[in-house]
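Working notes, structure below.
The values are calculated or read from the model by the stated rules, or taken from the named source; none is laboratory data. None of these values were measured; they are calculated from a predicted model. Heads up: the accessible areas ignore ligands, DNA and RNA and are worked out on the full protein's heavy atoms, side chains in. Shrake-Rupley method; radii C 1.70, N 1.55, O 1.52, S 1.80 Å.
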Amino acid sequence: MAKSINVPKFKGGGLTAQSTYRAPTPGQGAVKIVQNITNLATTLDTEVASQTAYKKGLTAQQEATKNGENYVGPTSAFSVTSKAFQKGANAAFITSKSTELESELTQLGEKHKLDPEKFTMASERYKENWMQTLPSNLQPQLGLGFDKARNNLLLQVQANQRADQFNQN
């Protein structure tokens, strides 16, 4: 408990000293300092563990891709490190699948370079088969990436068709 100490009153300079001084309770200041240090250490530890788990997830998925295996990340993550591992695995998986899909779409674009309708039909068939090979938690993101890549190539196929028609006229 805080002690009350009588402090003499002095007048002068427009300042008046208070009659009592309340000393801080021993230990409260130390507790706050330790709590702040603990919070900082916990935050730092969480960040380091998350970065390490992210790298492990990225590396594990890259190795699995090289070996012809599929997705290695958990579909639902509950801890901080499992979420970071999942993010790393997702990043590597999305990168490898994006490369795969762009390669396939480019081949379809070359095959149907003057016929946008055939290109669209062929790319839709490919998308249906391709989406079935993906984990459910990554299908929305990769589906959007597929649509974007297909639409860009479709614009090129349509431009090729117009240029061919122009040259024929």
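One compactness figure for region 70-145 is 1.33, namely its Cα radius of gyration divided by 2.2 N^0.38 Å. Just the protein heavy atoms count here, and of the accessible area of region 73-113 at 1.4 Å, carbon and sulfur take up 54 percent.
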